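The values are calculated or read from the model by the stated rules, or taken from the named source; none is laboratory data. A quick note: this is a predicted structure, and the numbers were derived from the prediction, not measured. Methodologically, a virtual Cβ is constructed for each residue, glycine included, from the backbone with ideal geometry; neighbour enumeration extends over all protein chains shown. Areas reflect the complete protein model, heavy atoms only, side chains present, ligands, DNA and RNA absent. Shrake-Rupley method; radii C 1.70, N 1.55, O 1.52, S 1.80 Å.
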Amino acid sequence: MTKFLAGLALVAGLATSAVGQEVVVPPPKPDALGAPGGPDDGRAVLDDPAPLDGLAAPAPIQGAIAPAVSYAPAITPDTGMPGLSGVSPVYLVARLSEDSPSLTRGVSWRVYADAPGDDGQLELVATATGGDADFRLEPGTYLVHTAFGFAGRTSRIAVDNGVTSQTVLLNAGGMKLDAQFSGHMPITTGRVRFDIYEREFDSRGERKLVAGNIAPGEVVRLNADTYHVVSRYGGVNAIVRADIHVEPGKLTEATVYHNAARVTLKLVNQRGGEALASTAWSVLTPGGDVVAEGNGAFPAFTLASGEYQVIARNADKLYSRNFMVKTAEHGEVEVLTSSVMQN
């Protein structure tokens, strides 16, 4: 599969993490889905969006009503509505886009009264889960919320004495994220998670979280839009950011590349010696900013590639050492008790 990277000067919304981690977000390029590849210098690679056909699965989203279509459902999900007389049949179908097939599973339907009740709340009239929805409703106007993954919209429908048949266009797609070390090396040590935010900032200068704690390889269904994605490797400063666009009816795959490694700290009397317990640790940047703190004989941190200073405190004495973190080179950093810091 062909992939391409846009240069740093051509891409907006880039971010640089603490200690020299670089992020580049390329625009999508037509390509076959699922082929390997990517940059060698710590970047995010965006694969060509592929059709989402057949990928429907439960998870929360919102939609718009399209013109009425002639339709009779082959499978009727639970509607939560008994078969009453004086009601009209309402058939609803959900699609990701105009060109997408009808969703057959993973869709949640909620039908509300059009006007608030005495308590100021909209009355929930009926619900359904699965694919197509088959309701029996009294003539009137209703609000229908259609959810699929983290995408969804609320639409208004009018029910008369006949059959009402509508198609809901969700205008939604999917995002599938992965992470590797620069150089196409898989990450097998430590934990990678993704947070997906709205791209724009609110009045307080913050982005709204759309979906959090997403695991690599998980398909997230979203309204078609551009999102700000944050990839965190470990819990310190190994962070990659990218703006990724989701197209309606398609799956967008993106791989981010981390420059980082996992290090274990030890305070020893001699190289290769026994680690001393009851030790407090501080990891600092060359400028003196605290990056991580911990306690114990073997604290471990995942750090972005770069230069650091570590300070160990044991029995009211301070010991120090400078060390380098290189991408994917996990290992131990020993601090010798002979390296006592002077007051």
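Within the range 287-308, track down each residue that is surrounded by fewer than 19 Cβ atoms within 10 Å (Cβ to Cβ), in contact (Cβ under 8 Å) with a residue 24 or more places away in the chain and either of a type in the set (Val, Ile, Thr) or more than 13 Å from Val263 (Cβ to Cβ) (or both).
Let us first name the residues in the range 287-308 that are surrounded by fewer than 19 Cβ atoms within 10 Å (Cβ to Cβ), namely 287-290, 293-298, 300, 307.
Adding the requirement that they be in contact (Cβ under 8 Å) with a residue 24 or more places away in the chain leaves 289, 294, 297-298, 300, 307.
Once the filter is applied, which keeps residues that are surrounded by fewer than 19 Cβ atoms within 10 Å (Cβ to Cβ), in contact (Cβ under 8 Å) with a residue 24 or more places away in the chain and either of a type in the set (Val, Ile, Thr) or more than 13 Å from Val263 (Cβ to Cβ) (or both), the range 287-308 yields Asp289, Ala297.
In the range 96-115, what residues are open to solvent by 80 Å² or more (accessible area, probe 1.4 Å), among the acidic types (Asp, Glu) and touching a strand residue (DSSP E or B) at 6+ places or on another chain (Cβ under 8 Å)? First the steps, then the outcome.
In the first step, residues of the range 96-115 are kept if they are open to solvent by 80 Å² or more (accessible area, probe 1.4 Å); the result is 98-99, 104-105, 110.
From what's left, among the acidic types (Asp, Glu): 98-99.
Answer for the range 96-115, where residues must be open to solvent by 80 Å² or more (accessible area, probe 1.4 Å), among the acidic types (Asp, Glu) and touching a strand residue (DSSP E or B) at 6+ places or on another chain (Cβ under 8 Å): just Glu98.
Collect the residues in the range 309-320 that are touching a residue at least 12 places away in the same chain (Cβ under 8 Å) and open to solvent by 90 Å² or more (accessible area, probe 1.4 Å), keeping them in residue-number order.
Of everything in the range 309-320, those that are touching a residue at least 12 places away in the same chain (Cβ under 8 Å) and open to solvent by 90 Å² or more (accessible area, probe 1.4 Å) turn out to be Arg313, Lys317.
Anything in the range 230-248 that is open to solvent by less than 10 Å² (accessible area, probe 1.4 Å) and either touching a Pro at 6+ places or on another chain (Cβ under 8 Å) or at pLDDT below 95 (or both)? List them, or say none.
Residue satisfying the conditions is Val246 alone.
Among the residues of the range 116-132, are any within 30 Å of Lys326 (Cα to Cα) and surrounded by fewer than 15 Cβ atoms within 10 Å (Cβ to Cβ)? Before the answer, list the steps.
First, pick out the residues of the range 116-132 that are within 30 Å of Lys326 (Cα to Cα): none.
No, there is no match, as no residue in the range 116-132 is within 30 Å of Lys326 (Cα to Cα) and surrounded by fewer than 15 Cβ atoms within 10 Å (Cβ to Cβ).
Does Tyr227 count as aromatic (Phe, Trp, Tyr), surrounded by fewer than 20 Cβ atoms within 10 Å (Cβ to Cβ) and in a strand (DSSP E or B)? Give the derivation first.
Values: aromatic (Phe, Trp, Tyr): yes; surrounded by fewer than 20 Cβ atoms within 10 Å (Cβ to Cβ): no; in a strand (DSSP E or B): yes.
Judged against the criteria, Tyr227 is not a match.
Report, by residue number, each residue of the range 180-199 that is part of a loop (DSSP other than H, G, I, E, B), more than 23 Å from Glu329 (Cα to Cα) and open to solvent by less than 50 Å² (accessible area, probe 1.4 Å). Steps first, please.
Filtering the range 180-199 for residues part of a loop (DSSP other than H, G, I, E, B) gives 182-184, 187-191, 199.
Filter once more, so that each one left must be more than 23 Å from Glu329 (Cα to Cα): 199.
Residues satisfying the conditions do not exist here.
Being among the hydroxyl-bearing types (Ser, Thr, Tyr), under 30 Å from Val220 (Cβ atoms) and outside any strand (DSSP E or B) narrows it down to one residue among Thr302, Thr252, Thr327; which is it?
On the way: Thr302 fails: outside any strand (DSSP E or B); Thr252 fails: outside any strand (DSSP E or B).
Matching residue, one of Thr302, Thr252, Thr327: Thr327.
Here are some residues: Leu177, Leu170. Which one is in contact (Cβ under 8 Å) with a residue 12 or more places away in the chain, more than 30 Å from Phe301 (Cβ to Cβ) and either aromatic (Phe, Trp, Tyr) or open to solvent by less than 40 Å² (accessible area, probe 1.4 Å) (or both)? Break it down stepwise before answering.
On the way: Leu177 fails: more than 30 Å from Phe301 (Cβ to Cβ).
Result: Leu170 is the single residue among Leu177, Leu170 that is in contact (Cβ under 8 Å) with a residue 12 or more places away in the chain, more than 30 Å from Phe301 (Cβ to Cβ) and either aromatic (Phe, Trp, Tyr) or open to solvent by less than 40 Å² (accessible area, probe 1.4 Å) (or both).
Does the range 200-217 hold any residues that are loosely packed, with under 15 Cβ neighbours inside 10 Å and outside any strand (DSSP E or B), and which are they?
At the first step, the residues of the range 200-217 found to be loosely packed, with under 15 Cβ neighbours inside 10 Å are 200-206, 208-209, 212-213, 215, 217.
Listed by number, the residues that qualify are Glu200, Phe201, Asp202, Ser203, Arg204, Gly205, Glu206, Lys208, Ala215, Gly217.
Those residues that are hydrophobic (A, V, I, L, M, F, W, C), in a loop (DSSP other than H, G, I, E, B) and within 20 Å of Val87 (Cα to Cα), I need them from the range 99-121; list them, please. Give the derivation first.
From the range 99-121, those hydrophobic (A, V, I, L, M, F, W, C) are 103, 107, 109, 111, 113, 115; that's our starting set.
Right, trim to in a loop (DSSP other than H, G, I, E, B) and you get 103, 115.
Hit for the range 99-121 is Ala115, nothing else.
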